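Written out below as structure tokens is the structure these notes cover.
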Amino acid sequence: MADKLLSQYEELKAQVNAHNYRYHVLDAPIISDLEYDRLLNELKRIESLHPEWITSDSPTQRAGARPADRFDKIRHPAAILSLANAFGGDDARAWFERVKKIDDRVEKAKFVVEPKIDGLSVVLHYRDGLFVQGATRGDGEIGEDITSNLRTIRAIPLRIPVQTIDDRPQTVKSSMVNRPPSYLVVRGEAFIPNKEFEELNRKLEEAGEKTYLNPRNTAAGSLRQLDPQLTASRPLTLLVYQIVYSEGGKVPTSQWEILEYLKALGFPVTDIAKRFDDLDSAISYTETWGEGRDTLPYEADGMVIKIDDLNLAADLGFTGKDPRGAIAFKFPAREVTTTLSDIGVAVGRTGVLTPYAMLEPVEIGGVVVERATLHNFDFIAEKDIRVGDRVLIKRAGEVIPYVIGPVVDARSGKEKTYKPPTKCPACSQAVEHFEGEVAWYCVNAACPAQLVRNIEHFVSRGAMDIVGLGIKIVEQLIEAGLVKDVADLFTLNKDQLLGLEGFAEKKAENLLKSLEQAKGQSLNRLIIALGIHGVGEVMAGDLSRTFGNLSDLSKANADELQQIEGLGPNIAESLVDWFSQPANQKVLKKLNAAGVWPVAKKDEKKKEGALSGFTFVVTGTLPTLSRDGVKEFIESNGGKVTDSVSKKTSYLVLGENPGSKAEKAQSLGVKILNEAELRKLAGE
């Protein structure tokens, strides 16, 4: 029986790895996410029964390592070199003439062109096909051991060669692929794709947290996290392009065949590389990417032109630390300077105030730019950016142009230091800023700049759950002047709705019925719906049980609020500030008058269990437990779940794709658990 299960386990492991390869390398999945999750969960189930079967190439082991105290140093088996630069076709032809004088074989050489990705160079070691070590480039001779972090990148094969689902050979020479060298060291570039980087920053901005300046620095910082689980939360990938060293087997001797060989082994390889019979064709192809670089899914600062014959390239030797057999053809810089005329402030749909630069018009990459992002107010202060400054602007791809910093030497003394606003530019209500946070907020529930977003959140499934109120109808109601805050929803009548485009008798009646039913929602649902900064589902439940109604909650001071476990000074300040706003008090009175005023039972005796006395925060997606499921599991075992990490937090339960809570937990020294460790702590 055990033999049969072991055979099933090995087959399942290979299957999950193969699906990983199709999804993260080929970008061609053949099963749904749900089907993949079922396979992975079954694999985890078997491993929980037989932990002795787990090997390092199991897909469950990508982010299983403990945080490191520091990074050990690794000496590379061969030098990891940089490249000399060419800034145009003439420079590239001059390089060709120089190396041709050293070896006349260059005259008839072929060339391979590949993208020069703006990421972090990494070195991967494989012994007997198994990924055993990974390092940064470092100084080219010695790098840092970041093996545990690199294992979290799903595009990196944990074992080579990767078998496809139907096990078809992937050419080059099948014998060469099926018997890779016993020791193989490859080099690649780790990076964060542009779309994923923009999405990461969008989520951080919505959460009021510090955003990142560019994908390159974010990727480098992510790979140098001491905790691999934090690295796993970043959308990293990589492309491999070089064999650094091999022994115990044959490898190709041309760069073009190396790329084909690496691809056949299962490594992710660029799909825009091309081989050319002469240098002029290679230069022409490179120049087309200079014009089309915005279509690349990643940041690239140029293309690399390589002599295809690797033996010839090696015979050409080096100039200093630059190999003569290749040249980096750099794209024109997309940075310019202009004058910062003023600083404006935009109010986001979540109430976050974001500063932007108002510039003297300047052309960047064929586009005239008059505005650029300044990220946040802390950025302005840290860079000492002043109104009237000469500033350096960068535009990359379709990304909004951003200010890099001031040109201090160009100052005349007439520049003015900038101070963040004390009132919202959209509604003139006071704004708030919490210690330790980057964002400044407008907390007015009726602020016109965020009204659509506030109502959309108020009626959502996780809040008041008002069926039939989609964002388009919300926009209709606001444009018609029927709704100026969330409380106005409950004063709508049939005649008003029938006056809107798309509304007939039945639709109007259904919406009014949904609104009437929403009056019976629980107090914690209403607290969630109010959208108070820092108050999520867990905290809303605690507030509901502690105070029982909105009247008592609105009168609570910061000291009283902080008596609730897991509620820190920032959230206490946020609550007090929200309830003190005259506009918000008006909304509460209107809700009360409309009959939307639920009352809850106050605290009952909590259940005792193995987790009694412990406070947990959950972030990310767990393998088998949903967000509600893990909360129920912890509370059924006597534990408490809170929304925010503080010094009082006992454990952070970490899943895949977590938010910033993981970094905060690490900075506070809070212990981090995965789902299996949580279950073990509970006595399972």
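By the beta carbon rule, with partners counted only under 4.7 Å, the chain holds no lone Cys residue at all.
Counting only lysines at least 8 places from LYS250 when in the same chain, those with an alpha carbon closer than 26 Å to its own are LYS108, LYS110, LYS173, LYS263, LYS274, LYS306.
Across the range 335-346, coupling constants 3J(HN,Hα) worked out from phi with the 6.51/-1.76/1.60 Karplus curve, θ = phi - 60°, read 10, 9, 10, 7, 9, 7, 6, 6, 10, x, 9, 9 Hz, and Gly and Pro carry x. Put in line by how crowded their Cβ is, counting other Cβ atoms within 10 Å and starting with the fewest, ASP294, ASP559, ASP118 read ASP559, ASP294, ASP118.
Over the residues of the chain, the helix contribution to mean residue ellipticity at 222 nm works out to -10500 deg cm²/dmol, using -39500 (n - 2.57) for each DSSP H run of at least 4. The label point for LYS203 and the one for GLN8, both projected 7 Å from the Cα toward the Cβ, are 3.4 nm apart. Working ranking of peptides 404-412, 305-313 by packing, defined as the average number of other Cβ atoms within 10 Å per residue, highest first, is 305-313, 404-412.
Between THR55 and LYS506, the contour length at 0.36 nm per residue exceeds the Cα-Cα span by 156.3 nm.
Note on LYS13: lysines with a C-alpha under 16 Å away, same-chain residues under 8 apart excluded, are LYS4, LYS44.
Determine which residues of the range 281-317 fall in the zone a paramagnetic label at ALA84 would reach in this model, i.e. backbone nitrogen under 14 Å from the point 7 Å along Cα→Cβ. Those under the cut-off are 305-307, 316-317.
Bridgeable lysines around LYS414 (alpha carbons under 29 Å apart, same-chain partners fewer than 8 residues away excluded): LYS383, LYS394, LYS423. Once the mean of 1/r is taken over each pair of separate Cα atoms and inverted, the chain shows a Kirkwood hydrodynamic radius of 28.9 Å. Straightening the chain between LYS100 and ASP552 buys 154.3 nm, computed as 0.36 nm per residue apart minus the Cα-Cα spacing.
What is the range 75-330 by shape, rounded, prolate or oblate, if you read a ≥ b ≥ c off the alpha carbon gyration tensor as root eigenvalues and call it rounded for a/c under 1.5, prolate for a/b larger than b/c, and oblate otherwise? Oblate. Converting phi to 3J(HN,Hα) with the Karplus coefficients 6.51, -1.76 and 1.60 and the offset θ = phi - 60°, the range 656-664 yields 6, 6, x, x, 6, 4, 5, 5, 5 Hz in sequence order, with x at every glycine or proline. Of the peptides 70-76, 189-195, the order by per-residue mean of other Cβ atoms within 10 Å, starting with the highest, comes out as 189-195, 70-76. Value of Rg to Rh for the range 335-417, rounded to two decimals, is 0.96; Kirkwood radius and Rg both from alpha-carbon coordinates.
Potential lengthening of the chain between ARG70 and ILE471 amounts to 139.5 nm, from the contour at 0.36 nm per residue minus the alpha-carbon distance. Only lysine pairs 8 or more places apart or on separate chains count here, and in the range 462-548 those with Cα atoms under 15 Å apart total 4. Backbone phi angles across the range 99-109, fed through the Karplus curve with coefficients 6.51, -1.76 and 1.60 (θ = phi - 60°), yield HN-Hα couplings of 6, 5, 5, 7, 8, 5, 5, 4, 3, 9, 6 Hz in residue order; Gly and Pro are listed as x.
For THR337, the residues 5 or more places off, or on other chains, whose built amide H falls under 5 Å of its own are ILE393.
Bear in mind these aren't lab numbers, they're just calculated from the coordinates by the rules spelled out. Owing to the predicted nature of the structure, the values given are computational and were not obtained by experimental measurement. Ideal geometry is used to build each Cβ from the backbone, glycine not excepted, and the neighbour counts take in all protein chains shown.
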